[in-house]
């Protein structure tokens, strides 16, 4: 057996995992096959002797390919319904059904509401246990930033993304609006009534450099931080989720993403990384 044959066999052994990664990233059987095939072509242009871990390298390459495809899709403003498409030619319908069932239609719909980098970080880490060090290489950020991307995506998945009823969405907006008003008015008591006792606030690296903290926990600490501060924040919608945008003068600077559960704010994330801000679909309310 030649070295090329051995490499091909190793790739075929890894193909099911690579296809599963691509399918969960892209929600499309045909695009998943295209991504895996592109990974094979890139492998053929690489010296296998330089690869310490072929599986990890291929997973990283497939993730990067999928990220590029998701960004291109977003630029074209495509919004495919993931599992509604018929199986591509040559795809085993039974295998396709198993892949769809393993993800779940509801989860695929929520994944469509995430930004490309959020989706990649969540899928690779939470579904395939890829380390944040490796994910950081794919998204071109630090491991800490990759961890925040996955955390943000996880919270959106747990709250159903933008799939909540219009009544729930409106109620969440009202709570965030009341929080911003209490912040502007310096109403510490009002802030405390709107925050869950165990609320957590996370800021990305750029937001932390602006004067925030990487992570803050507890209603009293978070309320004290926001007391009298949100003077320049405007209520906004992020793919159906409530938030606030600080944009002086008209240029997005910081996005605040709120998780509201049971009528109280359980998490706030400050996003100021330019690339992350550029990927957020936002509407000022």
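Taking helices (runs of 4 or more DSSP H) that fall entirely within the range 172-285, which contain at least 2 residues that are within 21 Å of residue 115 (Cα to Cα)?
Counting at least 2 such residues, we get 205-209, 274-279.
Taking only pairs six or more apart or across chains, which ones have beta-carbon atoms under 6 Å, a first residue in the range 112-137 that is on the phi > 0 side of the Ramachandran plot, and a second residue that is modelled with pLDDT under 90 and part of a loop (DSSP other than H, G, I, E, B)?
Sorted first by the residue in the range 112-137, then by its partner, the list stays empty.
What do you reckon, is residue 160 touching a strand residue (DSSP E or B) at 6+ places or on another chain (Cβ under 8 Å), more than 16 Å from residue 277 (Cα to Cα), in a loop (DSSP other than H, G, I, E, B) and modelled with pLDDT under 90? Give the derivation first.
Working: touching a strand residue (DSSP E or B) at 6+ places or on another chain (Cβ under 8 Å): no; more than 16 Å from residue 277 (Cα to Cα): yes; in a loop (DSSP other than H, G, I, E, B): yes; modelled with pLDDT under 90: yes.
No, not satisfied.
With the condition kept exactly as written, say whether any residue in the range 252-266 is closer than 23 Å to residue 71 by Cβ and surrounded by fewer than 19 Cβ atoms within 10 Å (Cβ to Cβ).
In the first step, residues of the range 252-266 are kept if they are closer than 23 Å to residue 71 by Cβ; the result is 252-255, 257.
Retained after the next criterion (residues that are surrounded by fewer than 19 Cβ atoms within 10 Å (Cβ to Cβ)): 252-253.
Checked against the condition, which is being closer than 23 Å to residue 71 by Cβ and surrounded by fewer than 19 Cβ atoms within 10 Å (Cβ to Cβ), the range 252-266 yields at least one hit.
Checking residue 226 against (1) in contact with a strand residue (DSSP E or B) (Cβ under 7 Å, 6 or more places away or on another chain); (2) over 30 Å from residue 139 (Cα atoms); (3) buried (at least 19 other Cβ atoms within 10 Å of the Cβ), which single condition isn't satisfied?
Condition not satisfied by residue 226: (1).
If I go through the range 57-66 residue by residue, how many of them are surrounded by fewer than 20 Cβ atoms within 10 Å (Cβ to Cβ) and either farther than 19 Å from residue 134 by Cα or in contact with a helix residue (DSSP H, G or I) (Cβ under 6 Å, 6 or more places away or on another chain) (or both)? Reasoning before the result, please.
The initial filter retains those residues of the range 57-66 that are surrounded by fewer than 20 Cβ atoms within 10 Å (Cβ to Cβ), namely 57, 60, 64.
Going one step further and asking which of them are either farther than 19 Å from residue 134 by Cα or in contact with a helix residue (DSSP H, G or I) (Cβ under 6 Å, 6 or more places away or on another chain) (or both), we end up with 60, 64.
Matching residues across the range 57-66 total 2.
Would you confirm, using the coordinates I've provided, whether residue 43 is buried (at least 18 other Cβ atoms within 10 Å of the Cβ), more than 23 Å from residue 112 (Cα to Cα) and over 27 Å from the mean Cα position of the chain (by Cα)? Break it down stepwise before answering.
Working: buried (at least 18 other Cβ atoms within 10 Å of the Cβ): yes; more than 23 Å from residue 112 (Cα to Cα): yes; over 27 Å from the mean Cα position of the chain (by Cα): yes.
Spelling it out, residue 43 is indeed buried (at least 18 other Cβ atoms within 10 Å of the Cβ), more than 23 Å from residue 112 (Cα to Cα) and over 27 Å from the mean Cα position of the chain (by Cα).
The values are calculated or read from the model by the stated rules, or taken from the named source; none is laboratory data. Bear in mind that the values here come from a model prediction, so they are computed numbers and not experimental data. Glycine gets a Cβ as well: all are built from the backbone with ideal geometry, and neighbour counts include every protein chain shown.
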